[in-house]
1. Suppose only helical runs count, i.e. DSSP H with n ≥ 4. What mean residue ellipticity at 222 nm does that imply for the chain under -39500 (n - 2.57) per run, divided by all residues and rounded to the nearest 500 deg cm²/dmol?
2. I'd like the orientation of helix 87-102 relative to the chain: the angle between its Cα long axis and the longest Cα principal axis, in ° from 0 to 90, rounded to 10.
3. State the cysteines of the chain left without a partner when partners are defined as other cysteines whose beta carbon lies under 4.7 Å away.
4. So what's the net charge close to LEU118: Lys and Arg +1, Asp and Glu -1, counting the other residues with Cβ under 11 Å from its Cβ?
5. Can you run phi through the Karplus equation (6.51, -1.76, 1.60; θ = phi - 60°) for the range 319-331 and list ³J(HN,Hα) in whole Hz, with x for Gly and Pro?
6. So who's got an amide H within less than 5 Å of the one on ILE25, skipping anything under 5 residues away but keeping other chains? H placed 1.01 Å off N, in plane.
7. Looking only at LYS150, LYS195, LYS167, which one moves most when the chain is put into a Gaussian network model with springs between Cα atoms under 10 Å?
8. Non-local amide H neighbours of THR278 (under 5 Å, H modeled in plane, Pro and chain starts lacking H): which ones?
Amino acid sequence: MTDPALYTRDEQIQDISAQRPHLVILGAGASVASCPEGDNNGRTLPVMLDLVDILDLAEPLEQAGFASIGQDFEHVYATVAASHEHSSLCHLLEERVAEYFRGLQLPDAPTIYDHLVLSLRPKDAIATFNWDPFLWQACQRHHAFAPLPKILFLHGCAIVGWCEADKKQGLVGQRCRECGELYRPTRLLYPVANKDYTSDPYISSQWRSIRAGLGSAFLLTFFGYGAPDSDAAAVDLMSAAWGTPDARVMEEIEIIDIKTEDQLVTTWTRFIHSHHYTIAHEYSQSILANYPRRSVEAYWQSLIEARFREENPVPQLDSIDALHEWFAPLIDRECAADGH
Ligand SMILES: [Zn+2]
């Protein structure tokens with residue numbers, strides 16, 4: 001007989017009772033962890049500290065009199081944007097960023113992005129601060145195989161366009177399914193202190209969705225997102241939508257990051273209620289890597305019903321087909337319930 005205090009792997013696969021979302025928020029660290037060897041063509045995943053180098057910006061900056069401005073793109077961009085005589089340089093920085101990120105391609109072999117999108121359900125959501133196209137590309141790879149989570153681009157995305165009339169997003173260069181017009185590129189939000197999250201209709205639609213997601217989430221994961229100073233307004237918006245830690249005593253926050261626990265707790269103290277947080281220093285230790293497509297069910301059983309959870313870890317596999325085969329029992333169970 002099985003121990004009733006144990007929430008077994010088999011029970012977990014059969015259990016699709018949760019309605020509340022697991023919301024995952026990605027920062028640059030998630031893309032770097034997904035592509036340690038670079039993208040499919042070996043191009044490096046930049047972070048704010050090496051963008052100036054990777055995009056060859058030293059020369060145009062020097063010519064405009066910013067020779068000693070340093071390497072941190074956040075500081076570089078904010079300084080150039082604030083000095084109003086340099087609008088063409090500012091435009092050049094934006095063009096170089098957009099062009100570089102547009103050209104990135106998810107590696108062919110399974111990446112953390114593939115694991116992420118396959119490990120959540122349509123009630124869940126992934127919101128990214130990254131401009132790179134990886135989240136979109138991972139969904140394209142799997143959407144015919146599995147019902148996928150909602151995806152949100154909080155600072156825009158280099159390859160994603162938007163039809164304002166129909167409120168639909170799609171690839172830049174393709175046409176809207178509803179009206180046949182070309183999707184217009186979404187605006188990328190660059191690192192300045194006062195980012196505008198409301199006037200651009202696409203960006204404001206993404207933020208409306210994440211605020212709703214934060215309000216109802218049972219699990220909240222921050223993955224590789226360092227909450228930089230230039231994102232203070234974003235963190236304020238997220239904190240207001242999440243509410244005070246006292247109001248969220250049943251929920252669990254997870255942080256996937258290479259920093260130390262002390263550093264992370266300091267950064268995220270506004271979100272964390274006493275001991276209700278977990279820290280994973282790599283993705284394989286995370287909730288999603290161990291309770292794929294059932295994360296809320298598994299945490300509900302342990303946090304609310306006080307049962308022990310048996311893990312169902314997603315293995316490292318070397319092909320997308322093998323990954324699909326592994327996920328099939330979970331997805332078959334969901335589709336059977338939907339009558340497919
Ligand atoms: Zn349209």
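Nothing in this text is a laboratory measurement; each read-out follows from the coordinates by a stated rule. Here the structure is a predicted model, which is why all the values come from computation and not from measurement. Every residue, glycine as well, gets a Cβ built from its backbone with ideal geometry; the counts of neighbours run over all protein chains shown.
1. After summing the helix terms and dividing by the residues of the chain, the value is -11000 deg cm²/dmol.
2. Once rounded, one gets 40 degrees.
3. CYS35, CYS90, CYS139, CYS157, CYS179, CYS335
4. Numbers: positive: ARG121, ARG141, ARG293; negative: ASP114.
Every neighbour counted, the sum reads +2.
5. 9, 5, 4, 5, 5, 4, 4, 5, 6, 3, x, 5, 6
6. Those qualifying (amide H under 5 Å, at least 5 residues apart or on another chain) are ALA127, THR221, PHE222, PHE223.
7. Answer for the Gaussian network model of the chain: LYS167.
8. ILE253, GLU254, ILE255
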